[in-house]
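Okay, structure first, notes after.
Since every read-out is calculated from the coordinates, none of them should be taken as a lab result. None of the values given here were measured: they were computed from a predicted structure.
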Amino acid sequence: MQAIFSFCRRLPPIESGDRIDYRNMSLISRFISEQGKILSRRVNRLTLKQQRLITIAIKQARIFSLLPFLNNEKQIERIESTTRTTGLRTRKK
């Protein structure tokens with residue numbers, strides 16, 4: 001008996017009409033993690049040439065201040081929570 005497998009092919013992440021450019025923020029933001037890191041080629045399912053162009057575009061956008069180098073939202077929350085708790089602690093003599 002043959003097993004029937006249904007393979008779901010997703011659409012490629014970059015279509016032929018898309019320009020890989022540092023100004024195309026809607027395209028670039030799809031290839032950055034929540035922490036601000038560039039996702040790997042295996043995760044993105046890109047060709048080597050596309051991954052190189054995406055990486056260059058992301059780095060240029062960071063240099064031109066269109067993208068942050070790091071996503072510090074979680075770090076800011078941690079700093080605020082630690083200052084609140086450390087402010088409550090007092091030394092007893």
Checklist entry - Length gain on complete extension for the stretch Gln35 to Ser16, per 0.36 nm per residue less the alpha carbon to alpha carbon distance? => result 4.0 nm
Checklist outcome for this item: Percent relative contact order for the stretch 25-73, counting Cα pairs under 8 Å at least six residues apart, stands at 40
